[in-house]
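Notes to accompany the following structure.
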Amino acid sequence: MNEFGAWIRVTCVVLGLANLTATADLSASEKPNIVFILCDDLGTGDVHCFNPAGKIATPRMDALARTGMIFTDAHSGSAVCSPTRYGVITGRYAWRSKLQNGVLGGLSPRLIEPGRLTVAQYLKNAGYGTACIGKWHLGMDWVRFPGKDVAELNIESAQQNRHVDYTQPIINGPQAVGFDEYFGISASLDMVPYTFIENDHVVRNPTGERAFEMMRGRKGGMTRKGPTAPDFEAADVLPRLTERAVAEIRERAPAAQKKGQPFFLYIPLAAPHTPILPTGEWIGKSQLNPYADFVMQTDHCIGQIADAIDQAGLADDTLFIVTSDNGCSPQADYPELAKLHHNPSHLYRGHKADIFEGGHRVPFIVRWPGRVAAGATCRDTICLTDLMATCAELVGTPLPVNAGEDSFSFLPALLSQADRPQRPHTIHHSINGSFAIRQGSWKLALCSGSGGWSDPTPGKASVNLPPDQLFDLDTDIGETRNLATEHPAEVARLTALLEQVIAQGRSTPGAVQSNTVPVKLRK
């Protein structure tokens with residue numbers, strides 16, 4: 001077994017267990033604040049505590065890891081943006097919804113179904129104040145001009161950019177699914193409109209037309225050109241979101257300190273996704289390339305948010321989570337970084353969009369002093385859809401039968417319970433809708449290639465390649481050896497399990513649920 005394989009076999013290396021309780025056992029006045037930071041396209045290999053051989057310095061995330069727990073087998077619900085966010089907010093895989101491949105655009109209508117319980121609404125019902133600050137990318141209903149349309153389940157065309165009346169209030173945004181307050185941008189920062197949104201309206205009307213560099217100082221690549229607010233600069237978004245998150249914490253701190261008025265703060269940052277625009281002192285800081293500089297700036301911003309919690313005296317009362325929505329994008333320039341001995345995907349094959357581990361295995365750091373042991377490493381498999389069930393176990397009120405269907409609580413892992421239950425299986429999804437299912441060390445991908453952007457791409461994969469890929473991740477973390485022909489019984493078993501989970505409409509025990517639309521097992 002290689003060094004990494006031996007390392008991940010250590011089950012929750014834990015320090016300081018004596019100070020932890022065996023269960024959460026929280027009274028109403030002890031419910032923790034919850035801060036969930038979702039980075040955008042941050043690779044596992046970009047965070048030094050996950051990849052000590054990496055060349056990017058991430059001192060603030062490393063400090064959080066030293067005072068908390070890292071999960072080495074954490075996964076996003078999808079290998080791309082919108083579907084992962086759907087899973088975070090609803091506790092349900094997005095392929096059960098009408099979005100079964102690709103991502104939404106900045107003008108797409110609301111994806112979350114009316115009446116579906118979200119983690120924000122659940123916590124609000126439990127007495128939490130709730131706020132979202134950052135990139136939404138789950139659709140909202142813009143007022144369109146008469147007779148005009150926008151793309152529903154993909155990125156809008158250039159002609160559709162002006163089909164929206166930006167002066168009108170937005171309907172069915174974040175506030176419609178349980179957030180008291182919202183400040184941010186509608187989708188990825190390379191999608192229109194280029195303007196900030198506060199609650200249900202744009203802060204400034206996007207009357208101009210602009211595009212931005214995809215990577216600072218590099219010729220050629222530009223974002224989509226479209227409606228832009230006066231004085232809006234893409235490079236200002238990360239600092240602005242950070243400032244707003246810090247202000248939100250300071251504003252809510254007095255009520256939170258009264259024990260009984262906790263808050264849930266969801267911070268989906270727009271970095272280090274394109275446009276890759278590090279600012280000021282961060283330009284050239286990594287001595288690698290602008291993407292690495294941008295990762296360092298993102299790390300610094302995460303530190304500022306953590307500092308705000310600490311300075312408000314809330315550290316011991318706050319469950320603080322940092323993760324990413326999928327793997328790193330090839331826009332980071334993997335070949336350039338490889339020459340400098342840095343791999344954003346670490347030991348994993350592929351990158352953002354792919355069914356391979358590099359597409360959906362993500363960094364995951366949790367700090368909760370006095371509850372989560374400092375310096376802990378856990379190898380349990382978790383998924384970002386698990387936030388909802390974890391919050392439910394913290395609060396102590398069970399989820400309704402028709403909510404969080406693919407969410408399993410990782411609270412027992414946080415509390416290092418020796419007999420904790422394990423996630424029975426995890427389903428992965430690529431940008432083109434290809435499926436994989438993971439159980440134990442086995443991973444079965446029901447496609448012949450990456451299902452995404454790395455070779456072999458879907459267009460090439462059908463040529464002289466088997467239709468299924470079976471990997472044993474214990475012995476082959478890099479997914480280099482397809483064992484499907486050697487273990488046909490395992491292929492059949494995992495295929496049947498995936499079919500069952502799809503048909504039941506849920507991964508968790510309970511009544512059979514119906515998916516919003518039919519789900520195709522294979523592309």
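Bear in mind these aren't lab numbers, they're just calculated from the coordinates by the rules spelled out. Everything quoted here is computed from the prediction, not taken from an experiment. Positions of Cβ are generated from backbone atoms using ideal geometry, with glycine treated the same way; all protein chains shown enter the neighbour counts.
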So how far, in whole Å, is the C-alpha centre of region 173-189 from the one of region 31-79?
24
FRET efficiency, Q500 to R144 (Cβ-Cβ, R0 56 Å, nearest 0.05)
0.85
Please report the spacing between the Cα centers of region 257-271 and region 290-313 in Å, no decimals.
16
Packing-ranked peptide list from 274-284, 156-166, 70-80, highest mean Cβ count within 10 angstrom first, is 70-80, 274-284, 156-166
Stretchable slack from E113 to S157, in nm (0.36 nm times residue separation minus alpha-carbon distance):
13.4 nm
Just to be sure I understand the model, the point goes 7 Å from the Cα along the line to the Cβ. What's the resulting Q513 to T457 distance in nm?
3.5
Calculate the length of the line joining the C-alpha centroid of region 84-146 to that of region 316-367, in whole Å.
23
Using all alpha carbons of the chain, what is the percent of pairwise distances in each 20 Å bin, ordered from the shortest bin to the longest?
24, 60, 16, 0
FRET efficiency (N125, E251; Cβ distance; R0 22 Å; to 0.05) is 0.50
State the dimensionless ratio Rg/Rh of region 336-409 (Rg: radius of gyration of Cα atoms; Rh: Kirkwood radius).
1.09
Name the lysines eligible as straight-distance cross-link partners of K523: C-alpha to C-alpha under 23 Å, and not fewer than 8 places from it in the same chain.
K98, K352, K443, K460
Antiparallel content of DSSP bridges confined to the chain, in %, to 5
50
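Work out how much length Q261 to Q304 would gain on full extension: take 0.36 nm times their residue separation and subtract the Cα-Cα distance, in nm to one decimal.
Contour length minus Cα-Cα distance gives 13.2 nm.
For a quick protection proxy, order the peptides 465-471, 230-236 by their average other-Cβ count within 10 Å, most packed first.
Most protected by this proxy first, the peptides run 465-471, 230-236.
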From Cα pairs below 8 angstrom and at least 6 apart in sequence, can you work out the relative contact order of region 426-504, rounded to a whole percent?
22
